[in-house]
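Here's the structure, in structure tokens; my notes come after.
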Amino acid sequence: MNGGLYINLSGIVSEGKKMAIVTNNLANINTVGYKSEGSVFGDFLSQKAISAENAGDKTPLADNQYPIMLYSYNNFSQGALKHTGNRLDLAIQGDGFFAVKTSNGVNYTRNGVFSLNGDNQIVTQEGYPVLGVNGRPISLTERGSDITISKNGIINILNPQTDENEYAGQIGIVDFKKPELLSRNGDNLFSETKKSGKPVLNDNADIAQGYLEESNVNEIKNMVELIDISQTKATMMNVLKSYSQVDSTAINTVGAPV
């Protein structure tokens, strides 16, 4: 098979992966706390090209480099804050993540839509307990509306009998050395990887009570990128058809009776 055909097929696969990422970003424009995903592409040298390079051969090769997606990454730039007034709606300003206990272990999120479950534990929309600075779920003594949460996550509840605030725990905000390399588990949950590093408590956390962080997807940028990908894929598909026609012509010509 023509080496250029392999390169073209590799390009089509790569553009397909890029399109999947961009369309998922656009689908989550209105998802609270969503962080957009990006991708990095590069060239993969064929074995023939590597052998020629090692031998010092400078002859141009038709199948020298194949375009591939090297890796994807998370864009944790700050999203806009939206005021809700709900006591348990929380937004992180700056770096950091809420730690939550899931069935697959501890995960991390920027989605601060919280509520209380039947055990008075602070939980996510999925029912996952939010963890405190001690690494354990946070349970409140009562379900009163007079809950205040400071910027560093300290929770106080107004005691109606004494009319004084009582300490009820502290939400743990953690950060990573390389958060962009966290593993994405769905649209709003992340888990640590070897490349991201271990979670550490963020002593400079800045939590806004009564606010939610909106998605950081740049709609215009992603729409432009989607159009560009569509046009590139269309061009590659036309090239693929041309290769197919050339191969078909060559087969028919060689196989034709003399």
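Structure values in brief
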{"read-out": "Full-stretch length increase - Thr232, Ser183 - with 0.36 nm per residue and alpha-carbon distance subtracted", "value": "14.8 nm"}
{"read-out": "Lysine pairs within region 81-213, Cα separation less than 27 Å, 8 or more sequence positions apart or different chains", "value": "18"}
{"read-out": "Theoretical FRET efficiency, 1/(1+(r/R0)^6), r = Cβ-Cβ of Thr148 and Lys221, R0 45 Å, to 0.05", "value": "0.75"}
{"read-out": "Label-point gap, in nm, between His83 and Thr102 - each point 7 angstrom along Cα→Cβ", "value": "3.3"}
{"read-out": "Net dipole in debye of region 81-213 [+1 Lys, Arg Cβ; -1 Asp, Glu Cβ; about Cα centre; nearest 20]", "value": "660"}
{"read-out": "Inter-label distance, nm, simple model (7 Å from Cα along the C-beta direction), Tyr167/Gln93", "value": "2.5"}
{"read-out": "Region 81-213: equivalent-ellipsoid semi-axes (sqrt of 5 x gyration tensor eigenvalues, Cα, Å)", "value": "26, 15, 13"}
{"read-out": "Extension gain, Asn156 back to Tyr71 (0.36 nm per residue minus Cα-Cα distance, nm)", "value": "26.3 nm"}
{"read-out": "Label point 7 Å beyond Cα of Asn204 along Cβ direction - residues of region 76-114 with amide nitrogen under 18 Å", "value": "76-79, 92-98"}
{"read-out": "Simple spin-label estimate for Arg136 and Val40 in nanometres, 7 Å along Cα-Cβ", "value": "4.1"}
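Laboratory data are not the source of any read-out in this text; all were calculated from the coordinates shown. The structure displayed is predicted, hence computed values, not measured ones. FYI the Cβ positions are ideal-geometry reconstructions off the backbone, even for glycines, and counts take in every protein chain you see.
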